[in-house]
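Quick notes on the structure that follows.
The values are calculated or read from the model by the stated rules, or taken from the named source; none is laboratory data. Since we're looking at a predicted model, the values are computed, not measured. Methodologically, a virtual Cβ is constructed for each residue, glycine included, from the backbone with ideal geometry; neighbour enumeration extends over all protein chains shown. When the accessible area is computed, the model is the full protein with side chains, heavy atoms only, and any ligands, DNA or RNA have been set aside. Shrake-Rupley method; radii C 1.70, N 1.55, O 1.52, S 1.80 Å.
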Amino acid sequence: MQQLVVGLLVVLCSVYALWSLMPAALRRPLAGWLLRMPGIGQGGPLAGLLRRAAAGPAACGCDGCDAKPAAPARADAAVPIRIHRKSARR
């Protein structure tokens, strides 16, 4: 019984790692194909995740730019400059 549970966990973790590391160009058609499968995408527990993956990128893929519309910038508004220091390599 313990070996069955461990084997199931290894398979699920492998599928998750494969999905996470898969390029978006491959993940999008695979998600569309899985959405058409009965029991998986049609009312299944993963339907929302698959719909988001099949929809494609909205902007840069960070889910932040498209969350709320940006206010139009004024022509005379000051734009701050941000300086990011590199961390020291050891």
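Just one of the listed residues (70, 47) is modelled with pLDDT under 85 and either in contact with a strand residue (DSSP E or B) (Cβ under 7 Å, 6 or more places away or on another chain) or open to solvent by less than 80 Å² (accessible area, probe 1.4 Å) (or both), namely 47.
The number of residues in segment 23-42 being assigned to a helix (DSSP H, G or I), out of contact with any Gly (no Cβ under 8 Å at 6 or more places or on another chain) and not hydrophobic (A, V, I, L, M, F, W, C) comes to 3.
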